[in-house]
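What follows is a set of notes on a single structure, which appears directly below.
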Amino acid sequence: MTERLWAPWRMEYIQGGVDAGGCIFCDKAAADDDEANLIVHRGERAYVLMNLYPYSNGHLMVAPYRHVAAPGDLDDGERAELWALLDRALGVLGDVMAPHGFNAGINIGPTLPLAMQGEQAEAGGPAVVARRGLAERPRL
């Protein structure tokens, strides 16, 4: 039997109650308050932040500072730092949380909360604009 993942703290996001203006990754990277923006590490070309609406504890994202449209648009330094920061994050979370494993992936293209898909997506409604980055979630 498949176990359903229930994350009630995500309801605001799922129901579309989140302001989706601009690019959250560009906005957070440009802000001065890392703690308020959940940024846990800043590198030279990329940074690590906690997900405001995590699927599970330890859900992190690694994003380049530069807004790019496709993975191929990253320069070699950005690409190398994204992977190095993901590797470092997995090591730290592995030591602290001792999960059974991790789910890691690449987010490509615009994303919408579930409640905002359909008509709004087709009409160009609110969305997190296309952005390339890495995400991981521990499997506990």
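Derivation of every value follows stated rules applied to the coordinates shown; laboratory data play no part. If you're wondering where the values come from, they're calculated on a predicted model, not measured in any experiment. For neighbour counting, all protein chains shown are included, and Cβ atoms are generated from backbone atoms with ideal geometry for every residue, glycine included.
For Arg42 and Arg139 in one chain, what is 0.36 nm times their gap in residues minus the Cα-Cα distance, to one decimal in nm?
Values: separation 97, 0.36 × 97 = 34.92 nm, distance 2.49 nm.
Roughly 32.4 nm would be gained on extension.
The calculated FRET efficiency for Asn107 paired with Ala80, based on their beta-carbon distance and R0 = 22 Å, is about 0.75.
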